[in-house]
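Asks: Questions regarding the structure given below will be posed in turn.
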Amino acid sequence: MTAPAASSRPRLDLLDPRQAAHLAGLELLTEGVVEGFLTGLHRSPRRGFSVEFAEHRMYQPGDELRYVDWKLLGRKDRLYVKQYEEETNLRAMLVTDVSRSMAWSGDAETVLSKLDYVQRLAAALALLLIRQRDAVGLIAFDETVRSVVPARARPAQWHQLLATLNALTPGKGTAAEPALRRVVDLLRRRGLVIFISDLLLDRETALLALKFLRHRGHQVIVLHVMDPAELELGGPAEARFEDPETRQGVTLRPKDWVDAYRETVLGVVKAWRRACRASGMQYHQITTDTPFGLALRRVVGGASGQT
Amino acid sequence: MSSFLHPWVLLGLPLAAVPLILHLIQRRDPPTVEFPAVRYLVQVTQEHQRRLRLRHWLLLLIRALLILALVLAAAGPSAPLREAVSHTPSALVLVVDNSPSSGVIVAGAPRLAQLRTAAHRVLERTTPSDALWLLTSDGVARRGTPADLLAAVDSLQPTGRRMDLGEAVTTAGDVLRSDSRPGSIVVLTDLQATALSPAPHDFPVVVARAAEPAPPNIGLARVDAGAQPWTPEGGAVTVALTGDSGTAPVSVVSGDGPARQALVAAGGAGRFELGGAVPGWWVVRASKAPDELRSDDEALALVRVAPVARVAWDPGDRYVSAVCDVLESSGRLRRGAELNLGSLGPGLSIVVPPVDPAALGSLNRQLERRGAAWRFGALVTAPGVSDSGALTGREQVVRRYTLEPLRPSAAAGVLATVGGAPWVVRTGDVVLLGSRLDPSWTGLPLSARFVSFMDAMINRIARGQLALLSGAPGDAVLLPDLVTDVAQGEHRWVVEGGAAFHPPAAGAYFLLSGSDTVGGLSVNLDPRESALAPASEDQVETLWEGSRVVRLGQAPGAAFAGAGRASLQGPLLWLALLLALVEVALASGLGRAR
């Protein structure tokens with residue numbers, strides 16, 4: 001028995017995000033990411049919905065053996081895996097933070113800014129959903145609602161979303177509540193809300209709005225996007241650290257505060273996770289150096305019951 | 001006192017300010033960094049700011065101390081040891097207080113025995129390379145080997161001489177200054193408060209004192225025989241007691257006469273009337289019941305018994321006549337021809353200058369014919385003051401004739417001076433006064449002491465009895481000019497008139513001029529020796545700054561502490577290492593905010 005040869009094309013979903021962004025533009029990158037992601041996934045990202053068999057395809061390394069069609073192997077002496085197609089009319093809304101803090105990168109040479117990362121991740125999520133024939137929309141916000149794309153399931157929808165995402169520029173402050181209220185207007189039926197932000201906002205207000213969405217029956221996924229430099233404090237021996245949105249500042253020696261800062265950030269993440277879980281929402285913390293494929297896997301896995 | 005091998009290195013001490021300066025420089029204009037998660041930093045710093053600030057200052061302090069410790073260590077510091085086990089070659093003056101109070105019996109033995117034991121133990125710790133002196137109450141610092149000084153200590157006995165501890169320390173310092181070795185002074189004493197006096201010193205002083213408290217004591221402070229000479233009818237003696245509270249029976253006896261006894265309170269005095277005696281010198285002895293300090297239980301006074309002088313004077317001389325009337329009424333003279341007062345007579349004469357200057361030449365010739373060695377000279381009208389002495393105080397002298405010796409040997413007869421020039425002289429049986437006894441010549445006739453002056457002149461000076469002196473053993477007693485010898489029993493000291501005599505012990509001494517007895521010297525214990533109360537350590541340390549008071553048993557260990565020095569370099573380097581470790585720990589993970 002010989003396994004089929006693996007594709008020689010690089011798996012964009014598994015590359016370093018910065019490297020992947022260099023290789024292709026937003027559209028090609030997104031398609032490559034989703035292709036690669038789906039190639040490795042082999043099962044419905046939304047396993048909770050009703051699914052039916054769609055087609056066979058050649059086995060590729062990384063595919064789970066339980067999807068191998070053993071009868072076909074017996075007949076043809078070749079490895080095929082079964083693919084399923086969902087039967088759905090899900091309406092999803094991507095709520096994306098484009099505030100000034102999202103434009104920040106701890107090291108612009110090696111890491112994408114949070115906004116760049118989110119643009120690509122949102123496009124990939126949109127493409128993934130559209131390919132499943134779900135309706136996808138987009139709301140971008142900073143202090144106010146900046147852009148709105150109502151949810152549609154048609155194939156041209158993805159290109160409209162791409163155009164909107166491409167046009168996004170960093171805004172000023174952050175206020176999630178108006179954007180989340182807008183979701184209520186746009187999603188009349190139960191749907192999926194993916195809230196993507198660095199969560200440098202008023203936590204209580206944002207949580208209240210998210211809980212309201214949950215109360216309306218929507219499934220809510222919170223993606224907490226962080227730069228690696230926001231997890232580990234660094235910088236010069238002594239510096240004044242200034243918030244680009246509020247201009248609030250504090251002067252300190254980073255090496256004195258490394259441990260305390262790390263504990264505080266972990267505490268914040270923990271608090272968000274606990275609050276979301278208590279309200280039946282999913283919470284994922286993603287850093288901007290995480291390959292898009294892995295990020296998608298966590299989100300899709302979470303949406304189908306894995307957190 | 002700490003000292004340094006390389007004191008110039010101490011110039012680097014200001015380097016300790018470098019960490020602070022660097023800190024201040026680094027504080028200026030830190031760069032601004034954009035950081036979206038400032039809200040987390042604010043939250044963190046609010047929780048830990050106080051601790052971090054404290055840590056920063058602690059770090060600054062530790063770094064400054066680290067530099068200080070290194071600079072001090074580089075300077076090579078050393079400090080004297082509190083107790084030396086061994087010592088470098090040293091100079092030591094051992095002061096052993098064998099004053100009369102050291103004879104007090106404590107726990108069945110004289111205090112001096114304890115001091116001797118302590119002196120032994122100190123001397124046993126000396127080495128052949130040490131320079132040693134022994135200083136006792138005689139005030140003489142004797143140098144010797146340890147063996148010599150041990151022998152000297154063994155032979156020490158309580159003496160009658162008071163020891164002023166301040167003077168002893170000063171003397172010891174003078175001795176040590178002559179030696180290049182590091183010096184120290186060890187004082188073994190009962191530490192009487194009355195023996196202390198200030199003493200500037202630049203050597204370590206260790207005062208070793210007895211631990212046991214001093215017993216209560218009462219001693220004879222003074223025996224006063226009053227105005228002399230006594231008449232053959234007798235006289236009165238006043239005896240004063242000093243010491244702790246209480247009374248003591250006192251007995252007074254003159255020669256072979258009957259003893260008079262009375263109870264006298266400490267701090268008070270008793271008067272004892274003694275009966276008549278034949279003319280001559282008599283010793284009046286006072287004694288009290290014995291106590292723990294025997295040497296102050298007896299005292300004496302010398303008394304001269306003689307019939308009162310029979311005096312002839314000029315009733316026209318107003319002031320002389322007045323004083324003679326007073327003395328006659330009080331029984332201190334009678335009218336007669338034994339002594340001529342005012343002019344030159346055939347016998348004893350007290351001669352004053354004549355009123356008429358023209359008569360001076362005649363008077364001088366008469367004096368020369370009498371064999372007098374002095375004569376009247378030129379008139380001096382410049383005001384002067386008599387020099388204070390045994391005979392006179394400081395009296396105004398407006399006019400006087402100079403008194404001129406006819407032979408060099410006559411100079412010994414000077415009894416009083418004005419500005420150093422003879423004013424009262426005695427030559428043979430004649431006494432010459434440079435001024436007339438009149439206020440226009442001298443203020444003496446108007447002063448309160450005129451009566452006692454004339455009494456002494458008539459009853460003692462003119463009759464050849466020059467002085468009745470008193471003192472304590474070892475004191476410097478100034479002798480009158482005419483004295484050539486001092487005698488006590490069979491013992492005789494040849495002395496120089498006008499010089500000081502140091503009586504070696506208590507007792508009665510007679511002053512001789514040739515074969516004539518011209519005075520007496522009563523020598524009794526210094527009454528301050530009777531006060532046995534010790535001084536406190538504070539008193540000692542106040543008077544002798546930097547001194548150290550220890551018990552007698554601790555004296556050997558403390559004796560050479562000044563010579564034993566320990567290097568502080570090692571401890572300072574250890575301290576620097578410890579500070580460096582703490583600094584590293586604080587500056588790295590241990591001190592970080594969590």
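The values are calculated or read from the model by the stated rules, or taken from the named source; none is laboratory data. Just so you know, these numbers come straight off a predicted model, no measurement behind them. Here the Cβ is made from the backbone with ideal geometry for all residues, glycine too, and neighbour counts use every protein chain on show.
Asks: Filter the range B:10-42 down to the residues that are at the interface with chain A (Cβ under 7 Å from one of its Cβ atoms), at pLDDT 85 or above and either outside any loop (DSSP other than H, G, I, E, B) or under 13 Å from residue A:256 (Cβ atoms) (or both) and list them by number.
Replies: Looking only at the range B:10-42, we keep the residues that are at the interface with chain A (Cβ under 7 Å from one of its Cβ atoms), and these are B:26, B:30-42.
Cutting the leftovers down to at pLDDT 85 or above gives us B:31-42.
If the condition is that a residue be at the interface with chain A (Cβ under 7 Å from one of its Cβ atoms), at pLDDT 85 or above and either outside any loop (DSSP other than H, G, I, E, B) or under 13 Å from residue A:256 (Cβ atoms) (or both), then B:32, B:33, B:34, B:38, B:39, B:40, B:41, B:42 are the ones that fit.
Asks: Is one or more of the residues making up the range B:440-449 touching a Cys at 6+ places or on another chain (Cβ under 9 Å) and either in a loop (DSSP other than H, G, I, E, B) or not aromatic (Phe, Trp, Tyr) (or both)?
Replies: no
Asks: Here is a follow-up. Return the residues of the range B:355-381 that are closer than 24 Å to residue B:310 by Cβ, out of contact with any Ser or Thr (no Cβ under 7 Å at 6 or more places or on another chain) and not in a helix (DSSP H, G or I); say none if nothing qualifies.
Replies: Correct list: B:370, B:371.
Asks: So, restricting to strands (runs of 3 or more DSSP E) that lie completely within the range B:467-524, which ones have at least 1 residues that are surrounded by fewer than 17 Cβ atoms within 10 Å (Cβ to Cβ), in contact (Cβ under 8 Å) with a residue 24 or more places away in the chain and in contact with a strand residue (DSSP E or B) (Cβ under 7 Å, 6 or more places away or on another chain)? Talk me through it step by step, then tell me what you get.
Replies: On the way: elements: B:467-471, B:485-488, B:491-494, B:507-513, B:516-523.
Output list reads B:485-488.
Asks: Residues to consider are B:577, B:590, B:543; find the one that is modelled with pLDDT of 90 or more and surrounded by fewer than 19 Cβ atoms within 10 Å (Cβ to Cβ). Reasoning before the result, please.
Replies: Numbers: B:590 fails: modelled with pLDDT of 90 or more; B:543 fails: modelled with pLDDT of 90 or more.
The unique qualifying residue is B:577.
Asks: Read through the list (1) free of Cβ contacts under 8 Å to residues at least 40 places away in the same chain; (2) touching a Phe, Trp or Tyr at 6+ places or on another chain (Cβ under 9 Å), then give the number of the only condition that residue B:366 fails.
Replies: (2)
Asks: Next up: Check the range B:393-413 and report whether any residue there is acidic (Asp, Glu) and more than 23 Å from residue B:483 (Cα to Cα).
Replies: So far as the range B:393-413 goes, yes, one or more of its residues are acidic (Asp, Glu) and more than 23 Å from residue B:483 (Cα to Cα).
Asks: Only one of (1) more than 8 Å from chain A (Cβ to nearest Cβ); (2) part of a helix (DSSP H, G or I) fails for residue B:78. Which number is that?
Replies: It is condition (2) that residue B:78 fails.
Asks: Further, regarding this structure: Quick test for you: out of B:255, B:268, pick the one residue that is within 37 Å of the chain's Cα centre (by Cα) and loosely packed, with under 14 Cβ neighbours inside 10 Å. If you could, list the steps in order and put the result at the bottom.
Replies: Details: B:255 fails: loosely packed, with under 14 Cβ neighbours inside 10 Å.
Just a single option satisfies the conditions, and that option is B:268.
Asks: A further question follows. Could you please find all residues in the range A:95-115 being surrounded by fewer than 20 Cβ atoms within 10 Å (Cβ to Cβ) and away from every other protein chain (no Cβ under 14 Å)?
Replies: Across the range A:95-115, the qualifying residues are A:109, A:110.
Asks: Going by the conditions given, is residue B:92 more than 22 Å from residue B:474 (Cβ to Cβ) and either within 14 Å of chain A (Cβ to nearest Cβ) or among the hydroxyl-bearing types (Ser, Thr, Tyr) (or both)? Don't jump to the end; show me each part of the working.
Replies: Working: more than 22 Å from residue B:474 (Cβ to Cβ): yes; either within 14 Å of chain A (Cβ to nearest Cβ) or among the hydroxyl-bearing types (Ser, Thr, Tyr) (or both): no.
No; evaluated as a whole, the condition is false for this residue.
Asks: Can you find, within the range B:31-66, the residue that is surrounded by the fewest Cβ atoms within 10 Å (Cβ to Cβ) among those that are of a type in the set (Ser, Thr, Tyr) and closer than 20 Å to residue A:265 by Cα? Reasoning before the result, please.
Replies: Of the residues in the range B:31-66, the ones of a type in the set (Ser, Thr, Tyr) are B:32, B:40, B:45.
With the extra rule that they be closer than 20 Å to residue A:265 by Cα, the set shrinks to B:40, B:45.
On the way: B:40: 22, B:45: 19.
Result: B:45.
Asks: Quickly run through the range A:264-278 and pick out the residues that are surrounded by 16 or more Cβ atoms within 10 Å (Cβ to Cβ), more than 7 Å from chain B (Cβ to nearest Cβ) and either in contact with a helix residue (DSSP H, G or I) (Cβ under 8 Å, 6 or more places away or on another chain) or within 22 Å of residue A:110 (Cα to Cα) (or both).
Replies: A:272, A:275, A:276
Asks: Does residue A:65 meet the test of being out of contact with any Ser or Thr (no Cβ under 8 Å at 6 or more places or on another chain), modelled with pLDDT under 85, away from chain B (no Cβ under 14 Å) and exposed (fewer than 14 other Cβ atoms within 10 Å of the Cβ)? Walk me through how you get there before you give the answer.
Replies: Values: out of contact with any Ser or Thr (no Cβ under 8 Å at 6 or more places or on another chain): yes; modelled with pLDDT under 85: yes; away from chain B (no Cβ under 14 Å): yes; exposed (fewer than 14 other Cβ atoms within 10 Å of the Cβ): yes.
For residue A:65, the condition - out of contact with any Ser or Thr (no Cβ under 8 Å at 6 or more places or on another chain), modelled with pLDDT under 85, away from chain B (no Cβ under 14 Å) and exposed (fewer than 14 other Cβ atoms within 10 Å of the Cβ) - is met.
Asks: Same structure again: Give the range B:118-144 a look and list any residue that's among the β-branched types (Val, Ile, Thr) and surrounded by 14 or more Cβ atoms within 10 Å (Cβ to Cβ), or say none. Talk me through it step by step, then tell me what you get.
Replies: Residues of the range B:118-144 that are among the β-branched types (Val, Ile, Thr), as a first pass: B:122, B:126-127, B:136, B:140.
Of everything in the range B:118-144, those that are among the β-branched types (Val, Ile, Thr) and surrounded by 14 or more Cβ atoms within 10 Å (Cβ to Cβ) turn out to be B:122, B:126, B:136.
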